[in-house]
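Read the structure below first, then the notes.
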Amino acid sequence: MAKNISEKIDDLKTGVEWFYSEEFKLEDAGEKYKAMTELAKEIEKDLAELKNDIKVIEEDFSK
Amino acid sequence: MFMEKAQQVYSVSDFQAVCNQIMETAFTGVIVEGEVASFKLNQNKFVFFDLKDDQSSVGCFMMAFALRFPIEDGMRVRIRAVPKLTNWGKFSLTVQAIAPVGEGSIKKSLELLKKKLAAEGLFDKAKKRPLPDKITKIGVISSTQAAGYADFCKILNERWGGLTVLTAHTQVQGMVAADQIIRALNYFNERGEVDVIAVIRGGGSADDLAVFNDEALVRAIAASKIPVITGIGHEVDESLCDLAADIVASTPSNAAQMLTRDRREIAANVRADVNRINNLLNSKIDEITEVNRTEILRVANEIYRRISSFNNEILAQRKILDQLNPEKVLERGYALLRGDVAEGNEISLLTAKQEIEAKVMKVKERK
């Protein structure tokens, strides 16, 4: 199932944290950085495409 | 006597009933404005007062539960009423709704009601609920024709998306507005499908915004099971609904801001995150390169030091060797003698510059 924006943002945060963690390895960093850049682009695209669904309720509140 | 042929004769009761019927048809809900005099509340159920101006006065009657604002003698009010001829032949107005008008009356009524509701704890800060962490459905109560609603939707759409917004279209000013807003509040609370309810109304005069000081509406907001945010009027306006709400936004646009995250800000943060790791990565590479460079320099220095040390050693050995070189001794003026040194024997002598053949003339021991 495709991830929503919040989940993708969480993934990005986790990815960024890896660069500051003890697990950081220079050999893996290039690949990770590429993946984070792709994820950031995806998030920006998703953000730009998000639309709200605004509906006016049919109920008549004057009665 | 006093009768034309076809003229109808009424009983008193019938005449009174017909008069009321005609008046009800002619004035389905007449709006009258005037000053309150002789205000009386009987048995906490029935309200009587006169509505007057400088020339006329009319008696008014209403049920106490319909009294939505505290009213006192001298206040200027607007009523919606049905004219009625009572069984005793007295003309009066049966009031359906009443609201103070004019800055002085609104302010006075507001002060009285604020004091009363505050004493009941409706505005207690401890009862305020924060906005839910995750908002996916918003219930909006507003007039869909109002500029404030348009502002709210515009900011909401600019800032965030993916939300479901259910709008209950109600009037947001005038005597019927409070009841419509209460019905909308009840609608959302009964269904329980929205995360938050936003009561929205743009700026207006004190009269326009008076509905948001309606006692029943303030109570409905305070009693809402779903958190309520108000975005009513401009920054300077503060209504009793604001005091009763869980969260107060200064304007409709501000309410939209408080309910949503800003997608532009998130996009900027995402870009900043990527830049940050890019810088971090570059700095780590620089750091490692620097460590390598230092290490290489250290090794090179060590090699150079060792070579120098070997060179010095060799130089020293060479100096010693030089000192031991027989040629150097000859250069100092000595000679190397070869042969058996005995009188009459031939010997050879080697100096720095010459090879000499000689004959031993005499040998004498040194003392």
Check: Which length gain, in nm to one decimal place, applies between B:Q55 and B:E103 when the Cα-Cα distance is subtracted from 0.36 nm times their residue separation?
Finding: 15.0 nm
Item checked: Pairwise FRET efficiency - A:E31 versus B:E287, Cβ, R0 = 22 Å, nearest 0.05 -> 0.70
Item checked: Simple label model, 7 Å out from Cα along Cβ direction - B:D322 to B:E33, nm -> 12.2 nm
Notebook entry, point to check: Counting partner chain Cβ atoms within 10 Å of every residue's Cβ in A:42-52, what's the average?
Noted result: 5
Note to self: If I take all pairs of Cα atoms in the protein assembly as shown, what percentage of them are more than 34 Å from each other?
What the structure shows: 62 percent
Item checked: B:F69, B:F15, B:F310 arranged by Cβ crowding within 10 Å, fewest neighbours leading -> B:F310, B:F15, B:F69
Item checked: Label point distance in nm, B:K364-B:N345, each placed 7 Å from Cα along Cα→Cβ -> 2.0 nm
Check: Within the set B:K328/B:K353; B:K328/B:K359; A:K13/A:K34, which residue pairs have Cα atoms separated by over 19 Å?
Finding: B:K328/B:K359
Next item on the list: At a Cα cut-off below 15 Å, give the aspartates and glutamates reachable from B:K225, other chains included and same-chain residues fewer than 8 away excluded.
Entry: B:E190, B:E193, B:D195, B:D246
Margin query: Taking each pair of distinct Cα atoms in chain B once, what is the resulting Kirkwood hydrodynamic radius in Å?
Written below: 29.6 Å
Notebook entry, point to check: Hey, what did chain B get for relative contact order, percent, Cα under 8 Å, at least 6 apart?
Noted result: 10 percent
Notebook entry, point to check: Applying 1/(1 + (r/R0)^6) with R0 = 41 Å to the Cβ-Cβ distance of B:A216 and A:S21, what FRET efficiency is obtained, to the nearest 0.05?
Noted result: 0.10
Next item on the list: Tally the DSSP beta bridges in the protein assembly as shown and give the antiparallel ones as a percent, rounded to 5.
Entry: 60 percent
Next item on the list: Could you pull out every residue, at least 5 positions away or on a different chain, whose amide H is within less than 5 Å of the one on B:A168? Hs are placed 1.01 Å off N in the peptide plane, and Pro or chain starts have none.
Entry: A:I57, B:V140, B:I141, B:S142
Margin query: Per 0.36 nm of contour for each residue apart, how much would the distance between B:A300 and B:V18 grow if the chain were fully extended, relative to their Cα-Cα spacing?
Written below: 89.6 nm
Notebook entry, point to check: Taking a point 7 angstrom from the Cα of B:M63 along the C-beta vector, which residues in the stretch B:164-183 have backbone N less than 19 Å away?
Noted result: B:175-183
Notebook entry, point to check: What is the distance in Å between the Cα centres of the stretch B:246-280 and the stretch B:307-360?
Noted result: 95 Å
Notebook entry, point to check: Using the beta-carbon distance between A:E38 and B:K137 and R0 = 35 Å, what value does 1/(1 + (r/R0)^6) give for FRET efficiency, to the nearest 0.05?
Noted result: 0.65
Notebook entry, point to check: So, in Å, what gap is there between the alpha-carbon centers of the stretch B:146-176 and the stretch B:1-74?
Noted result: 39 Å
Item checked: Neighbour-limited loop hits for GluC sites (Glu not before Pro), the stretch B:1-109 (at most 16 other Cβ within 10 Å; DSSP other than H, G, I, E, B) -> B:E4, B:E72
Next item on the list: Please give every one of the aspartates and glutamates within straight-line cross-link reach of A:K41, meaning a C-alpha to C-alpha distance under 20 Å, and leave out same-chain neighbours fewer than 8 residues apart.
Entry: A:E7, A:D10, A:D11, A:E17, A:E31, A:E49, B:E158, B:D262, B:E265, B:D273
Next item on the list: Eight or more residues apart or on different chains, and alpha-carbon atoms under 18 Å: count the Lys pairs in the stretch B:51-200 matching that.
Entry: 13
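All of the numbers you see were taken from the coordinates with simple rules; none came from a lab. Since the structure is predicted, the reported quantities are computational estimates derived from the model, not experimental observations. FYI the Cβ positions are ideal-geometry reconstructions off the backbone, even for glycines, and counts take in every protein chain you see.
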